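Shown next, in structure tokens, is the structure this report addresses.
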Amino acid sequence: MAKSSKSEKSERRQVIDDIRRKQKRADKRQGMAIVGVCVVVALVIIGAALYPKVRDMVNDQKWKGKSVAEIGAAASVCGDITEKEATGSGEHVPEGQQVDYTDGPVAFGAHWNVAGIAPAPIGDRFYTEGSRPELEQLVHNLEHGYTILWYDTTVADDSEQVAAMRAIAKIMDANDTNQRLKFKVAPWTKADVKETGKAFPKGEPIAFTHWRVDRDTEKQYGAWQYCSEVSGAALTSFMDKYPFTDAPEPYAY
């Protein structure tokens, strides 16, 4: 009986040891799996953080040495320029007050002009929905001679179109040695459509706007040109036709 008892204890101990060894191996595999998952998550986070910089580097290299006119599609992707009489020069409303604009996108109108709400800085050339100033501030930019390239929500996720607009903004900034290339890229958002009731024409998600004065008659006009794609060639022609000097107040900001 003693031998049997010792044998049973030995067998139980062996079983327990086997269970412990298996558990250790399982714990080790689980630990390695957790480490692997953590590494993958870390790589994803690092990749997400680096992606914008890598994208911009690739974009810069692609358009290196190019002029604005060489970016994007041919000028033929844009329709005719249209104008209508404008109002609002010098018409300032209190900061935070919304103006009821009726064009999509805006080209003129009343706007903000109070302490701290001067036109958006000339060095801020490209905006996303999250970074864009209010319309009331951008209209102030238009009053001072800016041309704005607007893009609607149908292009916001189009990497090729966004890359072309970013490239144009960077080239403008690099070539603007005297701060006279008054130009911005800005989104026309769903909120803008809701507030104004004006979406872009179907199939034309890109638009240029400018605010000018006829110096002979002193009449003011808003100008629009819509495009099916980004066209640096069309933009160059538009800005040649509408230089900053023809704005209501060109020599400020």
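The values are calculated or read from the model by the stated rules, or taken from the named source; none is laboratory data. In this text the structure is predicted, and so the values were computed from the model without any measurement. No Cβ is skipped: glycine too gets one built from the backbone with ideal geometry, and neighbour counts run over all protein chains shown. Areas reflect the complete protein model, heavy atoms only, side chains present, ligands, DNA and RNA absent. Shrake-Rupley method; radii C 1.70, N 1.55, O 1.52, S 1.80 Å.
How much length is gained on full extension from residue 134 to residue 157, taking 0.36 nm per residue of separation minus their Cα-Cα distance? Don't skip to the end; give the middle numbers.
On the way: separation 23, 0.36 × 23 = 8.28 nm, distance 2.11 nm.
Working it through step by step, the gained length comes to 6.2 nm.
Give the carbon-plus-sulfur fraction of the accessible surface of the chain in %, rounded to a whole number; probe 1.4 Å, heavy atoms of protein chains only. Spell out each step's value before the answer.
Details: 7870 of 14500 Å².
Ligands and nucleic acids excluded, carbon and sulfur give 54 percent.
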**Complete:** For the pair residue 61 and residue 217, the simple spin-label estimate (label points 7 Å beyond Cα toward Cβ) gives in nm 5.3
**Request:** Would you mind computing, in nm to one decimal, how far apart the modelled labels at residue 252 and residue 32 are, each placed 7 Å from Cα along Cα→Cβ?
**Result:** 7.1
**Prompt:** If you wrap a convex hull around the Cα atoms of region 109-161, how much volume per residue is inside, in Å³?
**Reply:** 95
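What is the Cα radius of gyration of region 116-253 over 2.2 N^0.38 Å, N being its residue count?
Values: Rg = 14.3 Å, N = 138, 2.2 N^0.38 = 14.3 Å.
Relative to the rule-of-thumb radius for its length, region 116-253 sits at 1.00.
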**Complete:** Asserting the computed 222 nm helical MRE of the chain (DSSP H runs at least 4 long, -39500 (n - 2.57) per run, divided by residue count, to nearest 500) equals -14000 deg cm²/dmol
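Expressed as a fraction of 2.2 N^0.38 Å, the rule-of-thumb size for a compact globular protein of N residues, what is the C-alpha radius of gyration of region 191-253? Write down the numbers at each step before the final one.
Values: Rg = 13.9 Å, N = 63, 2.2 N^0.38 = 10.6 Å.
Region 191-253 yields a ratio of 1.31.
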**Prompt:** So how strong a dipole does the chain carry about its Cα centre when Lys and Arg Cβ are +1 and Asp and Glu Cβ are -1, to the nearest 20 debye?
**Reply:** 3080
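Express the accessible area of the chain per residue in Å², computed with a 1.4 Å probe while the remaining protein chains stay in the model.
Numbers: 14500 Å² over 253 residues.
Here the residues of the chain average 57 Å² of exposed surface.
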**Message:** Amide H of residue 210 versus every other amide H placed in the peptide plane: which residues, excluding those fewer than 5 positions away on the same chain, fall under 5 Å?
**Reply:** 223
**Request:** Within 10 Å, count the other beta carbons around each residue, average over each peptide in 24-31, 240-247, 102-109, and list them highest first.
**Result:** 102-109, 240-247, 24-31
**Message:** At 1.4 Å probe size, what's the solvent-accessible area of residue 63? Round to the nearest 10 Å².
**Reply:** 40
**Asked** So, in nm, how far is label residue 98 from label residue 178 when the simple model puts each one 7 Å beyond its Cα toward the Cβ?
**Response** 4.1
**Fill in**
For the chain (alpha-carbon point model, no solvent) the Debye-based log₁₀ I(q)/I(0) at q = 0.12 Å⁻¹ works out to -0.73
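Work out, step by step, the length gained on full extension between residue 241 and residue 118: first 0.36 nm times the residue separation, then minus their alpha carbon distance; give nm to one decimal. Before the final figure, lay out the partial values.
On the way: separation 123, 0.36 × 123 = 44.28 nm, distance 2.58 nm.
That works out to 41.7 nm of additional length.
What order do you get for 194-202, 7-15 when each peptide is scored by the mean count of other beta carbon atoms within 10 Å, highest first?
Working: 194-202: 14.1, 7-15: 10.0.
Put in order of decreasing packing, that is 194-202, 7-15.
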